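Colleague: What follows is a single structure, and I will ask about it in a moment.
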Amino acid sequence: MTPPVRARTEGRVRHLTLDRPGALNALNREVLDLLAAELAAVRDDPAIGAVLIDGAGGRAFCAGADLTELRGADPSAAHALLRRGQQVMAAVEALPVPVVAAVDGHALGGGCELALACPLVLASDRSSFGLPEARLGLVPGYGGTLRLRRAIGRAPAMAMLLTGRPIPAPTAWQLGLLSAPPEKPADLAAVAADLAAEIAGLSRANLALVLESARSSAESEEALRHEAALAALAISSRDGQEGIAAFLGKRSPRFARP
C-alpha cells in the first residue's frame with residue numbers, strides 16, 4: 001500500500017507529497033503523524049537545506065482535515081486532534097530550513113493552514129485558497145484564524161473567515177498570500193523545485209537565523225490553545241456535527257434556528 005505521505009531527497013531538498021488523491025489529500029491522523037516524523041528528521045539532518053511540500057492528483061494540494069475522524073467527536077477528542085494538527089503546523093513553521101508549498105488545486109481548511117505555515121507559497125493559476133469552516137458550522141483549528149490575519153491583513157482575512165468563501169490564486173497573489181505570481185499548472189513543479197534547490201544551496205545556519213527572526217512575532221502558544229478549544233467546541237456542537245454530516249453526505253447543512 002502506498003503511504004499517504006511520499007518522501008524523497010533530491011540534492012539538498014526533501015520533497016514531501018501528500019498522497020491521498022481519492023480523499024483530496026485530506027489530513028488524517030496518519031498523515032499528520034507521518035509529516036511530524038519527516039519534519040523531525042529534516043530538523044536533525046544538516047544535509048537538508050529546504051523542504052518542498054505538494055499534493056498528488058492535480059485536484060487538490062490538500063482539502064483540509066479528514067472530517068470522517070471528527071464525526072461524532074466530543075470536545076476532548078476533537079481538541080486532541082486539533083492540537084496534533086497545530087503541532088504539525090508549528091513544526092513546519094519552526095524548521096531551521098525554509099519550506100516551500102507548491103499548491104496545485106484546492107488548498108482548503110487544514111490545507112490552507114498548512115500552506116500558511118510555510119514561509120514560501122507557490123501556486124498554479126487554477127488553485128484556490130480558503131477556510132470554509134464557517135459554512136460547516138465549524139472554526140478553523142490548525143492556526144488559520146491567526147496566520148491568515150498575519151499573512152494578508154485583518155480586513156480580507158475576516159472576510160474569508162466569516163464567509164468561508166475561497167479565493168482564486170490570482171487574488172491570493174494580490175493579497176500577499178503567495179510568494180510569486182501564479183504559474184501554469186504544467187510549470188509549477190519545475191518552478192517550485194528550482195526555488196527549493198536555490199534556497200537549499202544557501203547557508204542553512206544563516207537561513208535558520210532569518211527564519212527565527214521572522215517567527216519572533218508569530219502566534220503565541222496561548223492563542224493557539226484558545227483557537228483549538230473554540231474549534232473543538234464547534235466540532236462537537238449540534239451545528240458542527242450537522243455541518244460535518246452535510247459535507248460527507250454532499251448536501252447543504254441544516255443549521256439550528258432560534
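The values are calculated or read from the model by the stated rules, or taken from the named source; none is laboratory data. Values in this document were obtained by computation on a predicted structure and should not be read as measured data. Methodologically, a virtual Cβ is constructed for each residue, glycine included, from the backbone with ideal geometry; neighbour enumeration extends over all protein chains shown. Surface areas here come from the heavy atoms of the whole protein model, side chains and all, with no ligands, DNA or RNA. Shrake-Rupley method; radii C 1.70, N 1.55, O 1.52, S 1.80 Å.
Colleague: From the P(r) of segment 23-64, could you give the percentage of C-alpha pairs in the tail past 17 Å?
Modeller: 41
Colleague: Oh, and also: Using the Cα atoms of segment 96-149, I'd like the radius of gyration and the largest Cα-Cα distance, Dmax, both in angstrom.
Modeller: 11.4, 36
Colleague: If you average 1/r across every pair of different Cα atoms in segment 20-150 and take the reciprocal, what Kirkwood value do you get, in Å?
Modeller: Final number for the Kirkwood radius of segment 20-150 is 14.8 Å.
Colleague: Calculate, in nm to one decimal, what Arg43 and Glu212 gain on full extension: separation in residues at 0.36 nm each, minus their alpha carbon distance.
Modeller: That pair, Arg43 and Glu212, stretches by 59.5 nm at full extension.
Colleague: Further, regarding this structure: If ligands, DNA and RNA are left out, what is the accessible area of Glu30 with a 1.4 Å probe, given in Å² to the nearest 10?
Modeller: Surface open to solvent at Glu30 totals about 100 Å².
Colleague: Along its three principal axes, how long is the chain when you only count alpha carbons? Whole Å, largest extent first please.
Modeller: Extents along the principal axes, in whole Å: 59, 44, 36.
Colleague: Separate question: Can you give me the Rg/Rh ratio for segment 150-258, using Cα atoms for both radii and the Kirkwood formula for Rh?
Modeller: 1.08
Colleague: Continuing with this model, one more query. Once you charge only the Cβ atoms, +1 for Lys and Arg and -1 for Asp and Glu, what is the size of the charge dipole of segment 1-134 about its Cα centre, to the nearest 20 debye?
Modeller: So the magnitude is around 100 debye.
Colleague: Something else about it: Quick check: at a probe of 1.4 Å, how many percent of the accessible area of segment 99-211 sits on carbon and sulfur atoms?
Modeller: C and S fraction of accessible area: 61 percent.
Colleague: A follow-up question, please. Heavy-atom accessible area per residue, the chain, 1.4 Å probe: how many Å²?
Modeller: Ligands and nucleic acids excluded, the result is 45 Å² per residue.
Colleague: Under 1.5 on a/c is rounded, so check that first for segment 187-226, then, if it is not, pick prolate when a/b is larger than b/c and oblate when it is not; a ≥ b ≥ c are the square roots of the alpha carbon gyration tensor eigenvalues.
Modeller: oblate
Colleague: Could you tell me the calculated FRET efficiency between Glu221 and Ala186, based on Cβ-Cβ distance and R0 = 51 angstrom, to the nearest 0.05?
Modeller: So, using R0 = 51 Å, E works out to roughly 0.80.
Colleague: Which of the three applies to segment 1-82, rounded, prolate or oblate, going by the alpha-carbon gyration tensor with a ≥ b ≥ c and a/c under 1.5 meaning rounded?
Modeller: oblate
Colleague: Shifting gears a bit: Would you please put 156-165, 64-73 in order of how densely packed they are, using the mean number of other Cβ atoms within 10 angstrom per residue and starting with the highest?
Modeller: Result, highest mean first: 64-73, 156-165.
Colleague: Rounded, prolate or oblate: which fits segment 40-85 when a ≥ b ≥ c are the square roots of the eigenvalues of the alpha-carbon gyration tensor, with rounded for a/c under 1.5 and prolate only if a/b beats b/c?
Modeller: oblate
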